[in-house]
Amino acid sequence: MSQRTSKKLISTNENILYELNDYDRQRKPQTLIDDNYIQCVPADPVLKSLSCPICLDLFNKTMVTTTCLHRFCADCIHRWLKSENKVCPTCRKTLKSKRYLRSDDRTDSLVDTIKKQQAKTNELAQIYREQQHDD
Ligand SMILES: [Zn+2]
Ligand SMILES: [Zn+2]
């Protein structure tokens, strides 16, 4: 009688055999993500990546450096360059002038979405507080 081996081999092609590891054998199938699926991500890292390192607020008219791809508000980085700081505030790479900056509409629209979401959350929080007050 042949001994049953615990190793399962999957053949996707006659010549190639893939061996499942312990993790593959234990893991459960994942549900597919569709448009109705709400993915929760911690707000902090998202907000941080959409915040200007100069004013620490969400980007306002985002500018991106062409040399190192760091982002700042238009006003913040223009003021920075005017004060004779000819380096990127984030990584200190040379940043000679405004010519090395480009506007970043995609980041602006992301920031816009976040701001709308924050407004909605604040509105709900306000309603909630008022309800608590009534009781
Ligand atoms: Zn700023
Ligand atoms: Zn930089």
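If packing is taken as the average number of other Cβ atoms within 10 Å across a peptide's residues, how do 82-89, 42-49 rank, most packed first?
82-89, 42-49
Run the quick spin-label model on residue 79 and residue 124: label points 7 Å from Cα toward the beta carbon, then report their separation in nm to one decimal.
Reported label-point gap for residue 79 and residue 124 is 3.4 nm.
Where does the chain land at 222 nm, in deg cm²/dmol rounded to the nearest 500, when only DSSP H runs of n ≥ 4 count, each adding -39500 (n - 2.57), divided by all residues?
The helix contribution divided over the chain gives -12000 deg cm²/dmol.
Percentage of Cα-Cα pair distances in the chain greater than 21 Å, rounded to whole percent?
65
Sum up the lysine pairs in the chain that clear both bars: alpha-carbon distance under 13 Å and a spacing of 8 or more or different chains. Intermediate results must be reported in sequence, preceding the final value.
On the way: 82/96; 82/98; 86/96; 86/98.
Total qualifying Lys-Lys pairs in the chain comes to 4.
Note the full-extension length gain between residue 91 and residue 112 as 0.36 nm times their separation in residues minus their Cα-Cα distance, in nm to one decimal.
Result: 4.9 nm gained on full extension.
Below 8 Å, C-alpha to C-alpha, sequence gap of six or more: please give me the relative contact order for the range 43-134 in percent.
Computed over the range 43-134, the figure is 26 percent.
Listed highest first by mean packing, meaning other Cβ atoms within 10 Å per residue, what order do 54-66, 97-109, 22-34 come in?
Numbers: 54-66: 16.8, 97-109: 13.2, 22-34: 7.5.
Top of the packing list down: 54-66, 97-109, 22-34.
Since every read-out is calculated from the coordinates, none of them should be taken as a lab result. For clarity, every value in this text was computed on a predicted model and none was experimentally measured. Please note: Cβ atoms are built from the backbone with ideal geometry, for glycine as well, and neighbour counts cover all protein chains shown.
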